[in-house]
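Peer 1: Next up is a structure, given as structure tokens.
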Ligand code: PBG
């Protein structure tokens with residue numbers, strides 16, 4: 001008789017035949033960088049996650065270096081917002097400053113971290129949309145040069161990779177052309193290729209102060225009912241020259257991750273977003289879930305589904321705990 005239980009009998013057997021493992025070296029920890037000095041403020045809906053001013057980034061850099069994770073993805077919160085999100089592409093903006101600081105901080109210690117810069121306008125626009133507005137609508141093509149300028153500012157500051165998250169059509173190609181034209185042919189672009197309009201971004205918008213002042217993002221982010229269209233978005237980014245593709249959010253979209261894995265040979269990232277983190281934290285705090293075991297299970301699932309890189313707020317905790 002086929003007895004599938006034979007290989008599950010002891011922990012030694014189970015460990016020997018485990019097919020997948022969450023890999024700390026493939027985790028990216030998102031960091032919120034806020035203007036000002038001496039600031040380290042916990043995000044209310046994301047316990048354990050902070051907004052840092054540039055001068056205090058050394059604290060989280062130390063944690064990331066000792067955790068042995070791959071690196072970080074940076075989000076900026078500027079002092080002032082305007083109609084065109086100029087803080088996103090200011091050469092001395094909060095993100096370029098953070099990139100320079102982190103690169104120098106690591107270099108001074110003989111170490112390095114992958115520093116990925118998110119490229120979007122929503123944290124920088126007064127209206128909170130991911131592109132500029134024309135007659136109340138997000139103008140796709142007019143927004144592209146602004147994304148390209150932002151990507152270039154981050155590359156000049158020393159970012160290892162840029163990641164456009166606005167879901168504007170053609171944004172990967174626009175950034176690729178701008179980087180190539182300025183001699184940054186070696187800087188990879190990670191597309192937030194299949195990014196869904198999702199209620200799971202709620203806590204992030206509080207952290208990044210980026211909620212749209214009117215309307216929603218459904219005319220540019222994807223409809224969560226669509227799996228086939230997600231494959232079209234992934235293919236479009238690949239054609240535009242993306243080096244890495246992404247599916248976001250992660251947990252409610254593992255079918256998309258798994259299909260994406262089958263449909264592309266490019267590296268695939270998943271973004272385990274703020275609301276997914278907040279749910280686990282809230283239940284753990286209430287004593288309703290075993291946080292370590294749940295996080296291990298969730299992170300392992302991303303790798304099992306085919307992710308190569310996992311962007312997660314659990315990165316530092318998981319690195320400390322290891323598998324349980
Ligand atoms: C910016 C952006 C968002 C997230 C990453 N980049 C918010 C949004 O699209 O509203 C969400 C990340 C998270 O929830 O953790 N466009």
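Peer 1: Among the residues of segment 95-115, write down those that are out of contact with any helix residue (DSSP H, G or I) (no Cβ under 7 Å at 6 or more places or on another chain) and part of a helix (DSSP H, G or I).
Peer 2: If the condition is that a residue be out of contact with any helix residue (DSSP H, G or I) (no Cβ under 7 Å at 6 or more places or on another chain) and part of a helix (DSSP H, G or I), then 103, 104, 107, 108 are the ones that fit.
Peer 1: For residue 84, state whether it is in contact with a helix residue (DSSP H, G or I) (Cβ under 9 Å, 6 or more places away or on another chain), outside any strand (DSSP E or B) and surrounded by 15 or more Cβ atoms within 10 Å (Cβ to Cβ). Walk me through how you get there before you give the answer.
Peer 2: Numbers: in contact with a helix residue (DSSP H, G or I) (Cβ under 9 Å, 6 or more places away or on another chain): yes; outside any strand (DSSP E or B): yes; surrounded by 15 or more Cβ atoms within 10 Å (Cβ to Cβ): yes.
Yes; evaluated as a whole, the condition is true for this residue.
Peer 1: How many residues are in contact with a helix residue (DSSP H, G or I) (Cβ under 6 Å, 6 or more places away or on another chain) and free of Cβ contacts under 8 Å to residues at least 40 places away in the same chain when one looks only at segment 15-51?
Peer 2: 3
Peer 1: Can you tell me which residues in segment 136-147 are in contact with a strand residue (DSSP E or B) (Cβ under 9 Å, 6 or more places away or on another chain) and either in contact (Cβ under 8 Å) with a residue 40 or more places away in the chain or in a helix (DSSP H, G or I) (or both)? First the steps, then the outcome.
Peer 2: Restricting attention to segment 136-147, the residues satisfying the condition of being in contact with a strand residue (DSSP E or B) (Cβ under 9 Å, 6 or more places away or on another chain) are 139, 142, 147.
Result: 142, 147.
Peer 1: Residue 266 fails exactly one of the following numbered conditions: (1) in contact (Cβ under 8 Å) with a residue 12 or more places away in the chain; (2) within 16 Å of the ligand (Cβ to nearest atom). What is the number of that condition?
Peer 2: In the conditions (1) in contact (Cβ under 8 Å) with a residue 12 or more places away in the chain; (2) within 16 Å of the ligand (Cβ to nearest atom), residue 266 misses (2) alone.
Peer 1: List, please: which pairs have Cβ atoms under 6 Å, are six or more places apart or on different chains, and start with a residue in segment 207-225 that is farther than 16 Å from residue 78 by Cα and end with one that is surrounded by fewer than 18 Cβ atoms within 10 Å (Cβ to Cβ)?
Peer 2: 217/197; 218/197; 221/197
Peer 1: So residue 130 passes all but one of these: (1) surrounded by fewer than 19 Cβ atoms within 10 Å (Cβ to Cβ); (2) under 20 Å from the mean Cα position of the chain (by Cα); (3) within 16 Å of the ligand (Cβ to nearest atom). Which condition number does it fail?
Peer 2: Of everything listed in (1) surrounded by fewer than 19 Cβ atoms within 10 Å (Cβ to Cβ); (2) under 20 Å from the mean Cα position of the chain (by Cα); (3) within 16 Å of the ligand (Cβ to nearest atom), residue 130 misses just condition (1).
Peer 1: Given the conditions (1) within 12 Å of the ligand (Cβ to nearest atom); (2) outside any loop (DSSP other than H, G, I, E, B); (3) buried (at least 18 other Cβ atoms within 10 Å of the Cβ), which single one is not true for residue 233?
Peer 2: So residue 233 meets the others, but not (1).
Peer 1: Condition (residue is away from the ligand (no atom under 16 Å from the Cβ), within 25 Å of residue 269 (Cα to Cα) and either touching a strand residue (DSSP E or B) at 6+ places or on another chain (Cβ under 7 Å) or modelled with pLDDT under 95 (or both)) applied to segment 84-99: is it met by at least one residue?
Peer 2: yes
Peer 1: Within segment 181-208, can you find the residues that are in a loop (DSSP other than H, G, I, E, B), surrounded by 16 or more Cβ atoms within 10 Å (Cβ to Cβ) and more than 9 Å from the ligand (Cβ to nearest atom)?
Peer 2: 184, 187, 188, 191, 193
The values are calculated or read from the model by the stated rules, or taken from the named source; none is laboratory data. Predicted model, so just to flag it, every value in this text is computed and none were measured. With ideal geometry, Cβ positions are generated from the backbone for all residues, glycine too; neighbour counts draw on all protein chains shown.
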